[in-house]
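Visitor: Quick one: this structure, given as structure tokens, is what I'll be asking you about.
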Amino acid sequence: MSGGRFDSGGRRGGGSRFGGSRSGGSRHGGGSRFGGGRRRDKPENGIGRGQPGASLKPVDWVRKALQPFQKDFYQGRIQYAMNEAEITQWRAQYEMVVTGNNCPQPVRTFEECGLPQEFLQKFWGLGFKAPTPIQSQGWPMALTGRDVVGIAQTGSGKTLAFILPAILHAQGQPALRGGEGPIALVVAPTRELACQIEAEAKQFAPRGVRMSCVYGGVPKRTQEYALRRGVEILICTPGRMLDFVERRTINCDRITMLIFDEADRMLDMGFEPQIRLLCSQVRPDRQVLMWSATWPKEVQGLANDFLPNDRLMIKVGGDDRKAAENVTQIVRVVSRSQKEQLLQETIAQYSGYKIIIFTATKRMADELARKLKYQRLYADSIHGDKNQHDRDRVLANFKSNRINILVATDVASRGIHVKDIALVINYDFANNCDDYVHRIGRTGRAGAFGTAVTFFDPSQDLRKAAPLVRLLQKSNQEVPADLAALASRGGRGGGSRFGRRGGRGRGRGGRRFSPYGSGRR
């Protein structure tokens, strides 16, 4: 099968996220998830037969002669020493919690970080004034060569927080020889996010640092050609990367920096077996950077396994589930029959502005886009069943203002970074409040302000009323009286992506019940 099916299909990512134990084997020792005497469904590496990486085995690094490499690029770089009072005040100002021994100080300006002049000129050319909070502390942490966990809201500047250290790390290693590479590997959950990371990274990559991006859903030939030429930095989705490793198009012997972006999203999509298998292919003394927007127990477990000793951690923002306060959140309690009229009224108020509309299913996304086009509005849809060419075309049109309304499923809740989206409309409420936070995070980016309007249908969303009320309160947003009434009499649950399994909800790898249709995102 093609690697793309498992990168972009959302729920199927590589089988059950419980397919492997902490050491990469089957959790229960037998072929069945419940153990004992049944036919084995998966190999020992946790990857189902026929999926990318199914034949790979963990590398026995004891038998390999590992060449030393440079990790620490921090010494002599920071240009200004802060005292303890200044450090404490700076971190408190940005609700920044830092843990770990001998954590380096933050930097308040680009110059303080001692970055190369070409980086500074690029920042000035792009109009950047100062590092974002996650960059101010994340850069010094990563440059020490130690493992780092970073937790920050979407749109906070995380990409540059890990890409610039990755570039400096790659530059500091011996040159690649034929058949070698990459040096730094960035793993992302979706092809949209992988492409976005590549686009941002290429703005800063100097000559001599080659990079490429591989992901499923497109032919492998062009990607193979770039890999065989050699790249210092590779950005990938898990399935396609394992596919190339399995085919011996690429090897992981020179990877000394391993970066995971949106780790919580990768677990949500079922990529835990692929992540564990991929880590087993990379030398154990690598530097690992793990970035996530939330910090659930599943991500904590992954971090404990792959960043166990002497790691540094930064968390920006007071609460994992607290949505950005620069997004005005408006919730309308409505019935299904009222949604279309209310949608038209809302769009009319934002005529000419960029709008993204989220739906629960692909069918509804396409249907709404058709209706909006019929009304002579510039709209189009994107979801997991569209091929890569169509997805790229629609996103390019949205970014370049050829269309100003994008209708999407949750496939677009994280991988789209467009700074001028004025309005997010949740036509269907998200599956949980974590996904809701990421949806509304498409607006109000880079210090700007935005608005999110959510249609809340009690017949479908009653169990999510109480978690939504708590989130609105934590975000200092107005709670409608009818929503509060629903929360007071409604059920519990629905608040976390990991909180429910099975039943009539959307379990791991299962389908979500919806009156609008079904299918993958």
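The values are calculated or read from the model by the stated rules, or taken from the named source; none is laboratory data. All of these numbers come straight from a predicted model, not from anything done at the bench. Reconstructed Cβ throughout: ideal geometry from the backbone, glycine too, with neighbour counts over all protein chains shown.
Visitor: How many residues are at pLDDT below 90 and either over 20 Å from the mean Cα position of the chain (by Cα) or not assigned by TED's automatic domain parsing to the domain that holds Ile167 (or both) if we restrict to the stretch 204-219?
Guide: Here the count works out to 6.
Visitor: Okay, next question. When the residues of the stretch 266-303 are filtered to those that are polar (S, T, N, Q) and at pLDDT 90 or above, which remaining residue is surrounded by the fewest Cβ atoms within 10 Å (Cβ to Cβ)? Walk me through how you get there before you give the answer.
Guide: Looking only at the stretch 266-303, we keep the residues that are polar (S, T, N, Q), and these are 274, 280-281, 287, 292, 294, 300.
Retained after the next criterion (residues that are at pLDDT 90 or above): 274, 280-281, 287.
Numbers: Gln274: 31, Ser280: 19, Gln281: 22, Gln287: 23.
Only one residue tops the list, namely Ser280.
Visitor: If we scan the stretch 237-258, do we find a residue that is of a type in the set (S, T, N, Q), crowded, with 24+ Cβ neighbours inside 10 Å and modelled with pLDDT of 90 or more?
Guide: Yes, some residue in the stretch 237-258 is of a type in the set (S, T, N, Q), crowded, with 24+ Cβ neighbours inside 10 Å and modelled with pLDDT of 90 or more.
Visitor: Give just the number: which of (1) touching a Ser or Thr at 6+ places or on another chain (Cβ under 6 Å); (2) touching a residue at least 40 places away in the same chain (Cβ under 8 Å); (3) of a type outside the set (Val, Ile, Thr) does Pro106 not satisfy?
Guide: Here Pro106 clears every test but (2).
Visitor: Are there helices (runs of 4 or more DSSP H) fully within the stretch 214-316 with at least 2 residues that are under 19 Å from Gly50 (Cβ atoms)? List them. Before you say what the answer is, go through the steps one by one.
Guide: On the way: elements: 221-229, 238-246, 263-268, 272-280, 297-306.
Because the criterion is at least 2 residues that are under 19 Å from Gly50 (Cβ atoms), the helices (runs of 4 or more DSSP H) in the stretch 214-316 that meet it are 238-246, 272-280.
Visitor: Let me ask you something else. Check Ala161, Ala205, Ala201 and return the single one that is assigned to a helix (DSSP H, G or I) and under 18 Å from Glu118 (Cβ atoms).
Guide: Working: Ala161 fails: under 18 Å from Glu118 (Cβ atoms); Ala205 fails: assigned to a helix (DSSP H, G or I).
When all the criteria are applied, what remains is Ala201.
Visitor: With respect to Ile330, is the statement that it is buried (at least 23 other Cβ atoms within 10 Å of the Cβ) and either among the acidic types (Asp, Glu) or modelled with pLDDT of 90 or more (or both) true?
Guide: On the way: buried (at least 23 other Cβ atoms within 10 Å of the Cβ): no; either among the acidic types (Asp, Glu) or modelled with pLDDT of 90 or more (or both): yes.
Taking the combined requirement at face value, the residue does not satisfy it.
Visitor: Sticking with this one: Determine whether the stretch 95-103 contains at least one residue that is farther than 29 Å from Gly208 by Cβ, assigned to a helix (DSSP H, G or I) and not assigned by TED's automatic domain parsing to the domain that holds Leu312. Break it down stepwise before answering.
Guide: Going through the stretch 95-103, the residues farther than 29 Å from Gly208 by Cβ turn out to be 95-103.
The next check asks that each one be assigned to a helix (DSSP H, G or I); those that pass are none.
There is no residue in the stretch 95-103 that is farther than 29 Å from Gly208 by Cβ, assigned to a helix (DSSP H, G or I) and not assigned by TED's automatic domain parsing to the domain that holds Leu312.
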